[in-house]
């Protein structure tokens, strides 16, 4: 489940305290550390490959190397976008409060999909439900404040979801 | 007007600093970090054209930040988050990568840019572009309640028309037909 606290409702530090998880302040460094120090071969994981292809349009031709599918350019795996790094940290349920800022609009649907089977705690600080990408978003999240499940794009339009969030004073 | 141009095979940017801040957002993986890296890389010199001294705000340079009093400060989202409370006190231009709602600084719609990828090249465009409405053809005057930024925005939109824009402020305005 995706648990969300909103910027207009609580301060960042308060959100971290309520979730009981520190803010993910440096997603790139945390990702790099995990890959380097824990010697994870994340490039061989199907879920990582899918995320990488969808978000960065890149594949993994060999260990710790990514290849841009448009240009054929290759880079080391640490060059993947912050969005991909943060989504992968969400996949492994890294023990952090995630910030919505780290996710580009093209990551939102994947984030909702990951949260179907894993718990993600997120502080919404970037107006994500007002972005164009939210219009096609389908999924649900739990308003951590009230513990109510809010559906997005399922049985309700994004306008109705926004109305509900505005009524709660979150926007 | 201060400007910044980057002309690399992978990234094109051409921005005039009409305001103190340029804030860049966009999808993940379109090249925002690449832009910061290009500006950080001394070997990119030939690709960059600007009349501003560039300071890159990052892990290595963060201790120098207090000494920067002019030029252009470039920051990725991590350090923009960390330092944004003090941006308003600086007499510098800022090029910031951020999706966060930066509530502590005043910026205009002209500050917001979107990074996008066209084939294999990263490009940038203004996020909000006002277009002239047809109804503007029916008016000789537009009175704006706001005499500050609202007035300037409308004035810019109708700049190439004969419409006169008048800020009301606290005044009562009479118009003769």
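Just so it is clear, none of the values below were taken in a lab; they were calculated from the coordinates. Values in this document were obtained by computation on a predicted structure and should not be read as measured data. Quick reminder, even Gly has a Cβ in these numbers, built from the backbone with ideal geometry, and neighbours come from all protein chains shown.
For the reader, a short list of remarks on this structure follows.
- Residue by residue along A:99-109, Cβ atoms of other protein chains within 10 Å of the local Cβ number 4 on average.
- Three semi-axes of the equivalent ellipsoid, the stretch B:75-156, Cα gyration tensor, whole Å, largest first: 31, 21, 9
- Other protein chain C-beta atoms within 10 Å of residue C-beta, averaged over B:28-38: 5.
- Taken over the C-alpha atoms, the stretch A:1-138 has Rg and Dmax values of 15.1, 45 angstrom.
- For the peptide A:62-73, the mean number of other protein chain Cβ atoms found within 10 angstrom of a residue's Cβ is 1.
- Degrees, to the nearest 10: A:158-167 long Cα axis against longest axis of chain A: 60 degrees
- Distant alpha-carbon pairs in the protein assembly as shown (separation over 36 angstrom), percent: 28 percent
- Calculated SAXS-style log₁₀ I(q)/I(0) at q = 0.10, 0.23 Å⁻¹ - the stretch A:60-171, Debye, Cα scatterers: -0.35, -1.37
- Span from the the stretch A:39-74 Cα centroid across to the the stretch B:1-39 one, whole angstrom: 25 Å
- Helix axis angle, A:46-56 relative to chain A longest principal axis, alpha carbon, degrees: 80 degrees
- Paramagnetic reach from residue B:125 (point 7 Å along Cα→Cβ, amide N under 20 Å) across the stretch B:27-53: B:27-33, B:35
- Expected 222 nm ellipticity per residue - DSSP helices of 4 or more, -39500 (n - 2.57), all of chain B, to 500: -4000 deg cm²/dmol
- The GNM of chain B, with springs linking C-alpha atoms under 10 angstrom apart, assigns the highest mean-square fluctuation among B:19, B:76, B:41 to B:41.
- For the pair residue A:163 and residue A:74 in one chain, pulling the backbone fully straight at 0.36 nm per residue adds 27.6 nm over the alpha carbon distance.
- Solution diffusion estimate, µm²/s, Stokes-Einstein, chain B, Kirkwood Rh from C-alpha pairs, 4 °C, viscosity 1.567 mPa s: 71 µm²/s
- Folded to 0 to 90 degrees: helix A:82-91 orientation relative to chain A principal axis, Cα: 80 degrees
- Pairs of Cα atoms farther than 12 Å apart, the stretch A:39-84, %: 54 percent
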